[in-house]
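Visitor: Take a look at the following structure, please.
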Amino acid sequence: MSEKIIAVAAGKEITETEFNEFISHLAPEQQNYAGTPEGRKQALTQYCNYFLFEKLGEEKKYDEEESFLKIMDNVKREVLSQYALTRELSDIVATREECKSYFDKNKTMFQKDAKAHAKHILTETEEESLKALKEIESGEKTFEDAAKEYSACPSKVRGGDLGTFGRGQMVKEFDEAVFNAEIGKLIGPVKTDFGYHLICVEELSGEGQASFEEVLPQIMQQLSAEKQNKRYMELRTSLAEKYGLEFKE
């Protein structure tokens with residue numbers, strides 16, 4: 001099946017695959033804009049312009065001028081240098097065994113913090129908090145509806161949902177109540193400097209040791225970078241000795 005042609009510029013047939021490859025090398029914000037119909041059209045116009053002006057340069061023999069050839073020499077030097085370095089380091093990655101050995105020797109570095117997912121209702125007075133509690137326990141209102149009616153916290157628009165947070169991120173009284181709570185059980189009122197809280201903990205994950213599989217990608221990235229940096233320094237030294245390097249300043 002032949003490639004889909006999306007434009008022809010100066011006789012050059014531009015395929016959808018080729019154009020998508022061009023977009024993939026744009027800056028992130030440009031890629032996002034190119035995801036819109038208008039942005040994609042502008043990006044395609046920009047890509048086509050390269051071929052139009054390339055043709056102009058060839059016809060006027062700008063590509064034979066000394067200043068152009070000098071620029072091309074510099075571009076070649078930079079691109080070839082980076083390409084050669086990438087090729088030399090491309091197969092240098094940490095092995096699973098190396099990662100496991102590092103993990104076993106540094107387990108204290110991979111401790112998981114306790115986290116909680118909770119929702120709450122914040123009121124200025126204990127009376128308001130008790131009123132909301134009574135309505136929830138009687139089934140008159142759901143927790144979420146009571147939060148929208150009584151809570152003074154911005155989280156009220158989400159039914160009191162605070163999302164996930166770690167131990168120590170909330171004020172002491174709230175923190176202790178949450179991390180000692182029974183999942184799904186309504187607790188409170190809990191008094192803090194902000195007021196009175198009714199709390200319901202949705203999820204709790206305790207502190208503990210992260211497994212090797214959980215942290216393998218992190219260790220792999222770190223050890224591979226260290227090995228590549230070591231190889232880079234060794235390679236640079238050998239190249240300086242082979243080809244010569246002397247600083248005159």
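The values are calculated or read from the model by the stated rules, or taken from the named source; none is laboratory data. Bear in mind that the values here come from a model prediction, so they are computed numbers and not experimental data. Because the Cβ atoms are built from the backbone with ideal geometry, glycine has one as well, and the counts that use them run over all protein chains shown. Note: areas computed on protein heavy atoms with side chains; ligands, DNA, RNA excluded. Shrake-Rupley method; radii C 1.70, N 1.55, O 1.52, S 1.80 Å.
Visitor: Expected output is a single nm value to one decimal: the length gained when fully extending between Phe22 and Asn229, i.e. 0.36 nm times separation in residues minus the C-alpha distance. What is it?
Guide: Numbers: separation 207, 0.36 × 207 = 74.52 nm, distance 2.97 nm.
Taking 0.36 nm per residue and subtracting the Cα distance, the gain is 71.6 nm.
Visitor: In Å and from the alpha-carbon atoms only, list the Rg and Dmax of region 146-217.
Guide: Cα radius of gyration and Dmax of region 146-217 are 14.6, 46 Å respectively.
Visitor: Shifting gears a bit: Keeping the other protein chains in place, figure out the carbon and sulfur percent of the accessible area of region 90-249, with a 1.4 Å probe.
Guide: Details: 5150 of 10410 Å².
Heavy-atom surface of region 90-249 belonging to carbon and sulfur, 1.4 Å probe: 49 percent.
Visitor: Any of Lys115/Lys227; Lys4/Lys61; Lys4/Lys60; Lys12/Lys60; Lys55/Lys76; Lys119/Lys185 with alpha carbons more than 23 Å apart? Name them for me. Let's see the in-between values first.
Guide: Details: Lys115/Lys227 34 Å; Lys4/Lys61 32 Å; Lys4/Lys60 32 Å; Lys12/Lys60 19 Å; Lys55/Lys76 21 Å; Lys119/Lys185 11 Å.
Where the Cα-Cα span goes over 23 Å, the pairs concerned are Lys115/Lys227; Lys4/Lys61; Lys4/Lys60.
Visitor: Return P(r) of the chain (all Cα-Cα pairs; 5 Å bins starting at 0; whole %; ordered from short to long distances).
Guide: Percent of pairs per bin, in order: 1, 5, 8, 8, 7, 7, 7, 8, 9, 9, 8, 7, 6, 5, 3, 2, 1, 0.
Visitor: Report the dimensions of region 122-249 along its three principal axes from the alpha-carbon atoms, largest first, rounded to Å.
Guide: 84, 37, 24
Visitor: Can you tell me how much longer the chain between Lys115 and Leu89 gets when fully stretched, taken as 0.36 nm per residue apart minus their C-alpha distance, in nm with one decimal?
Guide: Working: separation 26, 0.36 × 26 = 9.36 nm, distance 3.89 nm.
Extra length from Lys115 to Leu89 when fully extended: 5.5 nm.
Visitor: Return the whole-Å distance between the Cα centroid of region 1-75 and the Cα centroid of region 87-144.
Guide: After rounding, the separation between the Cα centres reads 47 Å.
Visitor: I've got another one for you. Can you tell me the length gained on complete extension of the stretch Lys105 to Val8, counting 0.36 nm per residue apart and subtracting the Cα distance? Provide the component values of the computation, followed by the final result.
Guide: Numbers: separation 97, 0.36 × 97 = 34.92 nm, distance 5.93 nm.
Contour length minus Cα-Cα distance gives 29.0 nm.
Visitor: A further question follows. At Ser205 and Glu140, where each label point lies 7 Å from the Cα along Cα→Cβ, what is the point-to-point distance in nanometres?
Guide: 3.8 nm
Visitor: Just check region 33-118 against the gyration tensor rule for me: Cα atoms, a ≥ b ≥ c as the square roots of the eigenvalues, rounded for a/c under 1.5, and otherwise prolate or oblate depending on whether a/b exceeds b/c. Could you put the intermediate results ahead of the total?
Guide: Working: a/c = 5.09, a/b = 1.84, b/c = 2.76.
In terms of gyration-tensor shape, oblate.
Visitor: Moving to a separate point now. Please work out the Cα center distance from region 189-249 to region 146-163, rounded to the nearest Å.
Guide: Result: 36 Å between the Cα centres.
Visitor: While we're on this one: Normalised by the residues of region 177-246, what does the relative contact order come to in percent, with Cα pairs under 8 Å and at least six apart?
Guide: Numbers: 37 pairs, mean separation 13.6, N = 70.
For region 177-246, the relative contact order is 19 percent.
Visitor: Okay, moving on. Can you give me the solvent accessible area of Leu245 with a 1.4 Å probe, rounded to the nearest 10 Å²?
Guide: That residue has around 90 Å² of solvent-accessible surface.
Visitor: Turning to a different aspect of this structure: What is the chain's relative contact order, in percent, from Cα pairs under 8 angstrom and six or more apart in sequence? Let's see the in-between values first.
Guide: Working: 275 pairs, mean separation 49.7, N = 249.
After rounding, I find 20 percent.
Visitor: Taking Cα atoms, how many degrees apart are the long axis of helix 212-243 and the longest axis of the chain, rounded to 10 and kept between 0 and 90?
Guide: 30 degrees
Visitor: Here's something else I'd like to know. At 7 Å along the Cα-to-beta-carbon direction for both Leu239 and Glu98, put a label point, then send me their distance in nm to one decimal.
Guide: Result for the modelled spin labels: 2.0 nm.
Visitor: So what's the angle, to the nearest 10 degrees on a 0 to 90 scale, between helix 66-89 and the longest Cα principal axis of the chain?
Guide: So the helix axis and the longest Cα principal axis differ by about 50 degrees.
Visitor: Would you calculate a helix-derived [θ] at 222 nm for the chain, using -39,500 (n - 2.57) for each DSSP H run of n ≥ 4 and dividing by the full residue count, to the nearest 500? Intermediate results must be reported in sequence, preceding the final value.
Guide: Numbers: 9 runs with 133 residues, N = 249.
Calculated from helices alone, the mean residue ellipticity at 222 nm is -17500 deg cm²/dmol.
Visitor: Here's something else I'd like to know. Choose one answer from Glu97, Glu182, Glu58: the residue with the largest mean-square fluctuation in a GNM of the chain with alpha-carbon springs under 10 Å.
Guide: It is Glu58.
Visitor: Could you report region 4-79's accessible area per residue, 1.4 Å probe, as an integer in Å²? Provide the component values of the computation, followed by the final result.
Guide: Values: 5840 Å² over 76 residues.
On a per-residue basis, 77 Å².
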